[in-house]
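The values are calculated or read from the model by the stated rules, or taken from the named source; none is laboratory data. Computed from a predicted structure; not experimentally measured. Quick reminder, even Gly has a Cβ in these numbers, built from the backbone with ideal geometry, and neighbours come from all protein chains shown. These accessible areas exclude ligands, DNA and RNA; they are computed on the full protein's heavy atoms, side chains included. Shrake-Rupley method; radii C 1.70, N 1.55, O 1.52, S 1.80 Å.
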Amino acid sequence: MLTNKEMERLRTALVLAGMAVLTAGGAQAQGLGNSPYSRVGLGEYNANTGGVRQMGMGGVGLAAPNAVNVNELNPALLFYTSRTTFEAGYNGQYKTVKNANGANRSGSGTLGYFAFSVPLNPKWGAGVGLKQVSTVDYESNIIDEVAGTPVPGQARSLKQNRGSGGISEAYLAQGYRITKNFTLGFTASYVFGVIDETTGTAVQEGNSTARLINSVDRLHTRYSDFAFRTGAHYRQKLGKELNLNLGGVYSFAHNLNGQREETQEQSYADNGTLVSPISTLSDGRGSSYVPALAQVGISVDNDKNWSVSLDAAQQQWSKFRNFGEQRLALNNTVRVGLGAEISPDPGSVEHYFQRVSYRAGVAVAQLPYQPGGKTLYDRSVSWGFGFPLPTATPLESTSFSLGFTYGVRGNSDIINAATNSSNVQETYIRGQLGVTLNNRWFIKRRLQ
């Protein structure tokens, strides 16, 4: 049975979880620059790679305990939450997308996530948060000759494809210590979002005075459902100073229910007057099958100022179906990351930069897209810093973190015109600014 204090703490966590869901109700996933690959499936899918601390370490940390940042990557690590912690991250990205015909540069920023964790008792930690799971953000324009015209070049068509939106996740997580060295965790999430896709075509004869007519197909899909994740962590001493950590997370496969509406309209391009009423081609419920995600990690630390982590993940995207169909066959994905963190002297008084946390990592991921039978990869290097404010005390502290990733998605040969391929290569640099607030909420009063 829970004590009254434990029940009060649990109620606090549940209230905060409800606030996360309510806050998320009107949220829309925002894009970070044109990405043609986000047109496939549910968009660019974030395979549970954590927050700003993990970003600076190559997206690793499944088995790396940390008492300063929120350990939402593996719910079993919430046990190591020593103080009530609030964390928020802001994302930015600058990207170059190119193929054999040209290049496009874009960039923007958006709120990345927020997370809150609290120690409920010496064996139990809980957390709530909101984060983005996938992003859809693409635009392409194709000008081509209309086939079958008596005179070549007499008529041309402009086809434009656009997509925006994405999927977000509001979650409630628990981490519990089972034995001295072993902890388990569980996360329940409410997954929701809206994806809008538009295909527009305009045709006009080259020497004709006829008005240009647009034909627009719109696909509006609203998703909402629940998802579950479980995690485990084992910690064992290796001699006097070293510790070995093993971690694993399994995100269960689930059907993401949705409501899809497909409409079509035709209008004059010059003034927008409708040629015919907007017609609904389809309107009904369905679901997208999201495959299971399996992640494992190993780390070594000295329980003081440094750690090294190696993580691997696998997801069977070949099983993905969107409303019972698979417009483009996807491939199973594998991701491997290696990262490290060091704080030269966390207790230094005279030298501030000895207390700063320095992070670095590398990662390679096989992408689910396989255009023309080619396997595509995402190769990246990461680095980051954690800056504690000098005003920190044993009861409360504030820190700012920066994480950066430079990467290339796609293969170098796919932009060679000699391959006669229309695939693209993306070069990007991503940044994240995180703010972490730590405070000790529950202190037993003692009479002197």
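Structure notes:
- When restricted to residues that are of a type in the set (A, V, I, L, M) and in contact with a Gly (Cβ under 9 Å, 6 or more places away or on another chain), region 332-353 contains 2.
- Residue satisfying all of: in region 320-360; basic (Lys, Arg) and in contact with a strand residue (DSSP E or B) (Cβ under 6 Å, 6 or more places away or on another chain); most open to solvent (accessible area, probe 1.4 Å) among these: 321
- The lone exception for residue 153 - which of (1) at pLDDT below 90; (2) in a strand (DSSP E or B); (3) over 30 Å from residue 290 (Cα atoms) it fails: (2)
- Cβ pairs under 6 Å, 6+ apart, first in region 339-351 and among the acidic types (Asp, Glu), second open to solvent by 70 Å² or more (accessible area, probe 1.4 Å): 345/354
- From 109, 92, 58, residue being buried (at least 24 other Cβ atoms within 10 Å of the Cβ), in contact (Cβ under 8 Å) with a residue 12 or more places away in the chain and under 17 Å from the mean Cα position of the chain (by Cα): 58
So that you can scan it fast, the table gives a plain yes or no per residue for (1) under 30 Å from residue 427 (Cα atoms); (2) open to solvent by 20 Å² or more (accessible area, probe 1.4 Å):
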position	(1), (2)
75	no, no
100	yes, yes
115	yes, no
130	yes, yes
140	yes, yes
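- Counted residues, region 234-262 - those being loosely packed, with under 14 Cβ neighbours inside 10 Å and among the polar types (S, T, N, Q): 2
- The single condition among (1) under 19 Å from the mean Cα position of the chain (by Cα); (2) crowded, with 22+ Cβ neighbours inside 10 Å; (3) over 22 Å from residue 181 (Cβ atoms) that residue 85 does not satisfy is (1).
- Scanning region 377-396 for residues that are in contact with a Leu (Cβ under 7 Å, 6 or more places away or on another chain) and touching a residue at least 60 places away in the same chain (Cβ under 8 Å) returns 384, 385.
- For region 36-52, filtered to residues that are in a helix (DSSP H, G or I) and buried (at least 23 other Cβ atoms within 10 Å of the Cβ), the residue that is modelled with the lowest pLDDT is 38.
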